[in-house]
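Some notes on the structure that comes next.
What follows is calculated from the coordinates using simple rules that are stated; it is not laboratory data. The structure displayed is predicted, hence computed values, not measured ones. When we count neighbours, we look across all protein chains shown, and the Cβ atoms used for this are built from the backbone with ideal geometry, even at glycine.
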Amino acid sequence: MRNVEGKVVILTGASSGIGEATAEVLANNGAKVVLAARREERLQELKSSIEKQGGTAVYKATDVTSQEQIEELARYTFDTFGQIDVLINNAGIMPLSFLHEKKVSEWDQMIDVNIKGVLYGIGAVLPYMRERKQGHIIDVSSVTGHIVRKTWAVYSGTKFAVRAITEALRQEEAVNNIRTTIICPGGVATELANTISNEEIKKSIQDSWHIALHPEAIAHSILFAISQPENTAVNEIIVRPTKQE
Ligand code: NDP
């Protein structure tokens, strides 16, 4: 597809759900995808599946909470392909809970993955993109980055933060011709609820997923943003299941 073919795209959280679907859709449209997540065997399987379909994929096991590992991911991408066109900060976790449950380690993990991981990713690729005066950073926030409900306090807080960070990035790097996009999905049927340790909340989320979108719906909105001409930045997209209130 126009303006996707040949682009080098780093994808975090590529081992399942939205990241996996996006990697396939982008690779099918001619992008060279660099798959990152912690579960290496899943990345290996995805790479093989993309290659079987004629696409180009490499992978690097990466924990986004480690700044060092993300810097290595950016270096590996540059060394392999000679450029970094797009970073998709998609890795995320959602262990929802009530504040009174005081699940401090879950709060910390969410902040580390959902906020610090995004910042580390931006920090790692910016030098390459600023040098070329071209690039695109896509950060996956959420509908919960716009509205908050009970049990979403910390998760929602991280997703509001992702929107704030991306908007500041947009203003700072417009002069360097770097595009930014915030993706805000509503309910998408993935493994995301698996990290919820409160069984009641987990069940209520999973029960609501009969109306949820397939991850490919989000992959197509990411494809849309990348495929626009270089002077056109699609700054934010909200995609909900039609029946989600
Ligand atoms: P999944 O649970 O299917 O995917 C999450 C991905 O994040 C996995 O690939 C996981 O890989 C990766 N990940 C988690 N922790 C880390 C880490 N420390 N380092 C590297 N990778 C990590 O969920 P989704 O596909 O649904 O989630 C993708 C994004 O979409 C998230 O940011 C989520 O918040 C957002 N989102 C999802 C919605 C939904 O309804 N599903 C709605 C709104 C937003 P691994 O475990 O192998 O490291």
Problem set entry | Condition check for Val148: under 24 Å from Pro241 (Cβ atoms), touching a strand residue (DSSP E or B) at 6+ places or on another chain (Cβ under 9 Å) and surrounded by fewer than 18 Cβ atoms within 10 Å (Cβ to Cβ) | no
Seminar exercise, completed: The lone condition Ala14 fails out of (1) more than 20 Å from Val188 (Cα to Cα); (2) in contact with a Phe, Trp or Tyr (Cβ under 8 Å, 6 or more places away or on another chain); (3) surrounded by 24 or more Cβ atoms within 10 Å (Cβ to Cβ) is (1)
Problem set entry | Sole residue being in a helix (DSSP H, G or I), touching a Phe, Trp or Tyr at 6+ places or on another chain (Cβ under 7 Å) and on the phi < 0 side of the Ramachandran plot, chosen from Ala74, Ala23 | Ala74
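Let's see how each residue does on (1) touching a residue at least 24 places away in the same chain (Cβ under 8 Å); (2) touching a Pro at 6+ places or on another chain (Cβ under 8 Å); (3) surrounded by fewer than 20 Cβ atoms within 10 Å (Cβ to Cβ):
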residue: Lys52; (1), (2), (3): no, no, yes
residue: Ala57; (1), (2), (3): yes, no, no
residue: Leu87; (1), (2), (3): yes, no, no
residue: Arg130; (1), (2), (3): yes, no, yes
Exercise. Only one residue in Ala27, Ala21 is buried (at least 24 other Cβ atoms within 10 Å of the Cβ) and more than 6 Å from the ligand (Cβ to nearest atom). Which one?
Worked result: Ala27
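Conditions (1) touching a residue at least 12 places away in the same chain (Cβ under 8 Å); (2) surrounded by fewer than 24 Cβ atoms within 10 Å (Cβ to Cβ); (3) aliphatic (A, V, I, L, M), marked per residue:
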position	(1), (2), (3)
Lys32	yes, yes, no
Glu41	no, yes, no
Lys47	yes, yes, no
Val64	yes, no, yes
Gln67	yes, yes, no
Glu71	yes, yes, no
Val104	no, yes, yes
Val113	yes, yes, yes
Problem set entry | Which listed residue, of Ser142, Ser156, is farther than 28 Å from Asp79 by Cβ, of a type in the set (Ser, Thr, Tyr) and in contact with a Lys or Arg (Cβ under 7 Å, 6 or more places away or on another chain) | Ser142
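Yes or no, residue by residue, for (1) in a helix (DSSP H, G or I); (2) within 14 Å of the ligand (Cβ to nearest atom):
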position: Ile70; (1), (2): yes, yes
position: Thr80; (1), (2): yes, no
position: Leu87; (1), (2): no, yes
position: Gly92; (1), (2): no, yes
position: Leu96; (1), (2): no, yes
position: Gln109; (1), (2): yes, yes
position: Asp112; (1), (2): yes, yes
position: Ile115; (1), (2): yes, yes
position: Val118; (1), (2): yes, yes
